[in-house]
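All remarks here apply to the structure that follows.
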Amino acid sequence: MGKVNLTLLLAAVAIVIIIAIALIFPLERLGQLYSLLLIFGGLVALLLRSIFAKEVDRRIIFLFIFVAVAAPLLFPITFSEKPTAVVKAVFDRVESLPPGSTVLLSFDFDPAMAPEVQPMANAISRHCLKKGHKVIFMSLWATGQALLTQSLTNTILPEFPEKQDGIDYVNIGYKAGNEGVLNVIVSNFEKMFPTDVNSVPLGEIEIFDDIRSCRDLDFIVSFGGGLPGSKEWVLFVGDPGGVDVAAGVAAVVAPQLYPYYPAQLVGILGGVKGAAEYEFSLKETYPDLKDMDTPGLKMMGPQTLAHIVIISFIVIGNIIYFRGRRKEKGQ
Amino acid sequence: MKRQIPVILVGMFGLFMIFQYFVPHESSEWVYEFLLDWTIIIGIFAMALGLWSLYRVSVEKIKTRKPAWGYNYLTLCGLFTMMFFGFTTQNGEAWGWFFPFLVSANLVLVLMIQASVNKGGRGLFLGLAGVFLVACVVIIVFDNTWGFHFETAQGLQSTMFRAFFDHILIPIFATMFSLLAFFIASAAYRAFRARNVMATLLLLAALIVMLRFHPFYGPLTPYIAPFMSKTSNWLMNVPNLAAQRAIIIGVGLGIVATALKVILGIERGYMGKG
């Protein structure tokens with residue numbers, strides 16, 4: 001009877017504590033608190049278990065990754081970002097161009113890469129339009145055109161209703177031919193893109209009054225990570241045409257582009273982290289953009305927690321490995 | 001002759017492409033651009049070939065009742081439905097008889113395949129396919145609420161194309177890609193173990209590069225964060241760069257060697273029989 005009373009008392013205390021926390025913290029903070037407790041508590045338990053050299057079932061790992069990704073999406077956790085030199089270089093280049101400069105943004109990615117690359121593409125598009133640059137949008141990937149349209153109609157243009165198609169920006173769409181397209185537009189745009197996506201001849205579009213080829217552009221940013229992508233822009237346009245090129249790529253591709261930085265690539269935005277740093281710089285420089293959508297910054301929470309979970313599992317795996325080896329030696 | 005002509009053509013055009021790079025003359029550039037047009041045209045024809053190949057492979061799987069053959073119907077119907085969406089736009093607000101047309105067109109396709117698979121009921125399937133084909137033609141002729149646009153890319157902006165792209169294709173791709181996170185976590189747990197010196201170095205490098213992103217050092221941030229940042233930058237800019245450069249130069253030399261072998265007719269794999 002005494003045991004039952006004690007259990008009831010403990011349960012009542014626990015309920016009171018939970019209610020007290022719920023009253024003190026707002027729901028979002030509470031969610032964050034509980035999910036972090038769940039993740040870190042679980043990791044500590046697994047860490048203690050690893051001392052006995054007990055392997056972790058992969059389903060447990062999947063569960064931790066699921067919670068680590070889902071919890072910050074439900075209860076957003078955001079961090080302040082300090083832009084790294086590679087990202088800052090791109091931001092400064094866009095910032096230092098005089099208003100009215102012509103910037104080409106190429107959406108060379110598919111929906112698989114979109115969660116990583118689209119936030120940075122939106123941020124740079126926003127920055128260029130904010131600075132008053134003329135923006136030419138295009139794509140070397142068939143799936144890129146639909147994503148470009150999505151970005152323009154859902155995100156970029158509603159924020160800049162005053163910008164006019166053909167005067168402030170133009171969407172020339174997708175063209176098949178991969179590197180072949182680049183090889184031609186480095187000397188002649190019209191040959192490869194006779195019209196924009198609305199079937200308006202390039203000769204009638206104001207932006208193209210002074211632009212004959214990529215050599216006449218002030219800056220090019222290629223978003224992607226596959227082939228053709230940023231590397232092809234450097235090889236076929238940046239170097240032969242003498243135009244500054246920057247890259248916005250998926251995180252796994254970024255290390256492959258470092259050999260081109262800073263001589264052939266102005267800067268590199270790598271994955272969600274690159275997008276988050278760019279968004280942070282944009283918000284810091286333009287206070288009126290403080291309410292803009294920042295998917296990069298929002299996604300840093302799930303990414304950070306997932307990385308911490310992976311790091312913890314690597315540590316746990318090594319403890320199990322060494323404990324197991326010691327056990328084997330002992331036997 | 002069947003083998004010599006392609007070898008001669010490849011050699012001739014390959015040598016010309018090398019030669020023209022060093023001749024900045026108008027005529028050389030004109031020929032170069034002319035050849036580039038050919039490359040793009042051939043690339044577009046390859047797309048048509050890909051479509052035909054997909055159709056043939058799918059029909060073959062249905063014919064031979066390979067495992068999960070039913071999905072091939074889905075593949076083909078998806079392919080043709082998206083093609084119809086890409087080539088059609090509304091003339092006003094309503095879609096009219098577009099969806100009955102779409103269903104009929106897909107039924108024609110399915111029934112034609114069924115006719116080629118089931119020899120017994122071929123007449124019935126062909127007859128039904130004919131009925132639906134007539135229905136398609138009638139809808140195209142009499143329904144003016146929508147129309148085909150082959151000359152422009154208007155169809156790519158159409159509601160249905162975008163809805164299917166935004167709400168089916170993007171989530172499918174994103175789901176497939178996001179599954180990687182689970183497998184990477186499981187693989188990292190099993191593979192990143194300090195079994196020897198090289199594995200330990202790899203493990204430490206991975207940990208430092210991953211930890212540079214994280215602001216979770218608490219009161220130790222001023223001490224740990226700069227170290228992590230500097231070390232990871234060094235890892236990216238020195239060992240990673242050196243290895244990447246070596247790979248790029250190696251790949252470049254490999255490309256030159258392979259190109260020379262192709263131009264000189266030593267490597268004939270592109271003709272299909274090695």
> Name the pairs whose Cβ atoms lie under 6 Å apart, with the first residue in the stretch B:151-176 and at the interface with another protein chain (Cβ under 8 Å from one of its Cβ atoms) and closer than 15 Å to A:Leu148 by Cα, the second open to solvent by less than 80 Å² (accessible area, probe 1.4 Å) and hydroxyl-bearing (Ser, Thr, Tyr), and 6 or more positions between them or separate chains?
Replying inline: B:Gln154/B:Thr89
> Here are A:Ser151, A:Ser187: which of them is in a loop (DSSP other than H, G, I, E, B), touching a Ser or Thr at 6+ places or on another chain (Cβ under 8 Å) and either assigned by TED's automatic domain parsing to the domain that holds A:Gly241 or among the aromatic types (Phe, Trp, Tyr) (or both)?
Replying inline: A:Ser187
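I'm checking my understanding of the structure. Among residues of the stretch B:71-104 that are over 27 Å from B:Val141 (Cα atoms) and open to solvent by 40 Å² or more (accessible area, probe 1.4 Å), which one is nearest to the chain's Cα centre (by Cα)?
Within the stretch B:71-104, the match that is nearest to the chain's Cα centre (by Cα) is B:Thr75.
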>> On the basis of being open to solvent by 30 Å² or more (accessible area, probe 1.4 Å), of a type in the set (S, T, N, Q) and in contact with a helix residue (DSSP H, G or I) (Cβ under 9 Å, 6 or more places away or on another chain), does A:Asn171 make the cut?
In response: no
>> Can you tell me which condition B:Trp95 does not meet? The list is (1) under 29 Å from B:Glu267 (Cβ atoms); (2) aromatic (Phe, Trp, Tyr); (3) not in a helix (DSSP H, G or I), and all the others hold.
In response: (1)
> What number goes with the only condition from (1) at pLDDT below 85; (2) in contact with a helix residue (DSSP H, G or I) (Cβ under 8 Å, 6 or more places away or on another chain); (3) facing chain A (nearest Cβ under 9 Å); (4) under 18 Å from A:Val86 (Cβ atoms) that B:Met228 does not pass?
Replying inline: (3)
> Can you tell me which residues in the stretch A:263-306 are β-branched (Val, Ile, Thr) and either assigned to a loop (DSSP other than H, G, I, E, B) or modelled with pLDDT under 90 (or both)?
Replying inline: A:Val266, A:Thr294, A:Thr304
> Considering the stretch A:287-316 alone, what residues qualify as being more than 14 Å from chain B (Cβ to nearest Cβ) and either at positive phi or hydroxyl-bearing (Ser, Thr, Tyr) (or both)?
Replying inline: A:Thr294
>> Looking for something assigned to a helix (DSSP H, G or I), more than 11 Å from chain A (Cβ to nearest Cβ) and on the phi > 0 side of the Ramachandran plot - is there at least one such residue anywhere in the stretch B:215-222?
In response: yes
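How many residues does the stretch A:210-258 contain that are in a helix (DSSP H, G or I) and either free of Cβ contacts under 8 Å to residues at least 12 places away in the same chain or not small (Gly, Ala, Ser) (or both)?
The number of residues fulfilling the criteria is 16.
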> Among A:Leu48, A:Leu73, A:Leu63, A:Leu30, which is open to solvent by 80 Å² or more (accessible area, probe 1.4 Å), more than 14 Å from chain B (Cβ to nearest Cβ) and assigned to a helix (DSSP H, G or I)?
Replying inline: A:Leu48
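Inspect all residues belonging to the stretch B:191-208 and state whether any of them is open to solvent by 50 Å² or more (accessible area, probe 1.4 Å), at the interface with chain A (Cβ under 7 Å from one of its Cβ atoms), without any contact (Cβ under 8 Å) to a residue 24 or more places away in the chain and more than 22 Å from the chain's Cα centre (by Cα).
Yes; the residues of the stretch B:191-208 include at least one that is open to solvent by 50 Å² or more (accessible area, probe 1.4 Å), at the interface with chain A (Cβ under 7 Å from one of its Cβ atoms), without any contact (Cβ under 8 Å) to a residue 24 or more places away in the chain and more than 22 Å from the chain's Cα centre (by Cα).
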> Of all residues in the stretch A:242-255, how many are surrounded by fewer than 19 Cβ atoms within 10 Å (Cβ to Cβ) and in contact with a helix residue (DSSP H, G or I) (Cβ under 6 Å, 6 or more places away or on another chain)?
Replying inline: 2
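Can you work out which of the residues in the stretch A:145-168 that are away from every other protein chain (no Cβ under 11 Å) and within 23 Å of the chain's Cα centre (by Cα) is surrounded by the fewest Cβ atoms within 10 Å (Cβ to Cβ)? Give the derivation first.
Of the residues in the stretch A:145-168, the ones away from every other protein chain (no Cβ under 11 Å) are A:151, A:155-168.
If we keep only those that are within 23 Å of the chain's Cα centre (by Cα) too, we end up with A:151, A:155-160.
Values: A:Ser151: 22, A:Thr155: 19, A:Ile156: 22, A:Leu157: 15, A:Pro158: 9, A:Glu159: 15, A:Phe160: 14.
It comes out as A:Pro158.
The values are calculated or read from the model by the stated rules, or taken from the named source; none is laboratory data. Quick caveat: nothing in here was measured; it's all calculated off a predicted structure. A quick note on method: Cβ atoms are made from the backbone with ideal geometry, for glycine too, and the neighbour counts reach across all protein chains shown. Side chains are part of the model used for accessible areas, which takes the heavy atoms of the whole protein and leaves out ligands, DNA and RNA. Shrake-Rupley method; radii C 1.70, N 1.55, O 1.52, S 1.80 Å.
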